[in-house]
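K.L.:
Pasting a structure below so you can have a look.
The values are calculated or read from the model by the stated rules, or taken from the named source; none is laboratory data. No experiment lies behind these values; they were computed from the predicted model shown. Every residue, glycine as well, gets a Cβ built from its backbone with ideal geometry; the counts of neighbours run over all protein chains shown.
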Amino acid sequence: MLKRTVTVLVLLALFAPFRANCDERYFTYVYESTVLPENQWEVEQWITNQNGKEDGDYSEWNLRTEFEYGITDKLMTAFYLNWDSVHADGVPDEESETEFKGVASEWVYQLSNPHLEPIGSALYVELATDGIEYEIEGKLLLSKEVERFVFAANAVYEAEWEREDNRTEHEGTLELTAGAAYRFADAWSAGVEFRNKSAYPGGFDLSGQEYNVLSVGPNLHYGAPKWWATLTVLPQIWGNGEGSQDNLNLVHEESVEVRLIFGILL
């Protein structure tokens with residue numbers, strides 16, 4: 001599915017010679033501080049594949065459809081629909097299912113414009129639930145364009161609550177992400193993305209780290225006047241904590257993630 005989608009996007013790109021002027025994203029794991037203009041709509045489709053566990057055969061597809069709207073030139077909101085499809089054989093059990101994973105609401109407020117000020121910055125808040133799990137995520141977004149280079153970095157905290165069998169389980173996640181891209185043509189850019197993710201079973205209590213992983217990989221971006229697409233391949237290069245082996249943690253995280261996001265300006 002992912003291979004076919006990428007092929008279609010590349011073929012379309014060959015016949016669209018102009019660079020995008022919508023709120024395009026140069027990265028898929030790192031957010032920039034740009035927002036949609038007032039009264040502007042955009043639809044984004046996310047396709048993420050997570051592959052590889054310590055044992056057995058594991059593949060998970062995450063699909064996210066996002067509807068973004070610019071409330072003002074500094075405030076943007078979005079509504080998400082999420083789906084998951086998992087195939088696992090011997091990891092350690094067998095599992096094969098596709099399910100709706102709930103909805104999410106995103107709010108982004110731009111503090112400074114990266115095109116007008118020395119550095120762009122924004123605050124991001126996301127609320128998500130599927131009726132059983134509840135998540136709140138906060139991010140500080142930083143970005144800057146220097147001639148043909150684009151730089152971005154995020155500090156992320158996510159808290160999750162799951163209610164099951166009259167018990168509530170808590171988990172917290174800290175992430176530091178960064179990316180750099182170079183626009184080698186009017187519509188094309190290539191770059192690299194970095195993610196450091198650490199998990200804490202106590203939620204807001206960050207005293208006991210469960211595991212920590214580092215992932216680094218390349219990306220490719222194309223932007224047309226009314227649509228854009230970005231593809232990232234993000235392999236895990238180091239991991240520790242519970243279940244880690246050979247400097248990788250393939251119990252809690254996967255060996256490699258591949259993410260494609262494409263957006264259409266309405």
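K.L.:
Which count do you get for residues in the stretch 30-56 that are of a type in the set (A, V, I, L, M) and touching a Leu at 6+ places or on another chain (Cβ under 8 Å)?
P.N.:
Looking only at that region, the number is 3.
K.L.:
Would you point out which residue out of 81, 63, 111, 116 is under 17 Å from the mean Cα position of the chain (by Cα) and surrounded by fewer than 16 Cβ atoms within 10 Å (Cβ to Cβ)?
P.N.:
Matching residue, one of 81, 63, 111, 116: 81.
K.L.:
Can you tell me which residue within the stretch 227-266, out of those that are within 18 Å of residue 53 (Cα to Cα), hydrophobic (A, V, I, L, M, F, W, C) and in contact with a Gly (Cβ under 8 Å, 6 or more places away or on another chain), is surrounded by the fewest Cβ atoms within 10 Å (Cβ to Cβ)?
P.N.:
Among them, the one singled out is 256.
K.L.:
Answer yes or no as to whether residue 143 is modelled with pLDDT of 95 or more, among the polar types (S, T, N, Q) and in contact with a Gly (Cβ under 6 Å, 6 or more places away or on another chain).
P.N.:
yes
K.L.:
Within the stretch 149-170, does at least one residue satisfy the condition of being surrounded by 13 or more Cβ atoms within 10 Å (Cβ to Cβ), among the charged types (D, E, K, R), in contact with a His (Cβ under 9 Å, 6 or more places away or on another chain) and within 26 Å of residue 23 (Cα to Cα)?
P.N.:
No, the conditions are met nowhere in the stretch 149-170.
K.L.:
Could you tell me which residue of the stretch 184-210 is surrounded by the most Cβ atoms within 10 Å (Cβ to Cβ), considering only residues that are in contact (Cβ under 8 Å) with a residue 40 or more places away in the chain and outside any strand (DSSP E or B)?
P.N.:
Per the stated criteria, the residue is 187.
K.L.:
Now for a separate question. Limited to the stretch 211-221, what total is found for residues that are surrounded by 21 or more Cβ atoms within 10 Å (Cβ to Cβ) and either within 14 Å of residue 196 (Cα to Cα) or more than 18 Å from the chain's Cα centre (by Cα) (or both)?
P.N.:
Of the residues in that region, 2 qualify.
K.L.:
Output the residues belonging to the stretch 26-43 that are closer than 22 Å to residue 217 by Cβ and acidic (Asp, Glu).
P.N.:
Result: 32, single match.
K.L.:
Right, next: Can you tell me which of (1) crowded, with 20+ Cβ neighbours inside 10 Å; (2) without any contact (Cβ under 8 Å) to a residue 40 or more places away in the chain is the one residue 224 doesn't meet?
P.N.:
Going through the list (1) crowded, with 20+ Cβ neighbours inside 10 Å; (2) without any contact (Cβ under 8 Å) to a residue 40 or more places away in the chain, residue 224 breaks only (2).
K.L.:
Still on this model: Would you confirm whether or not the stretch 88-99 contains a residue that is crowded, with 17+ Cβ neighbours inside 10 Å, more than 21 Å from residue 255 (Cα to Cα) and of a type in the set (D, E, K, R)?
P.N.:
No: zero hits.
K.L.:
Name the one entry in 174, 127, 75, 81 that is closer than 27 Å to residue 190 by Cα and not charged (D, E, K, R).
P.N.:
That would be 174, the only listed residue that is closer than 27 Å to residue 190 by Cα and not charged (D, E, K, R).
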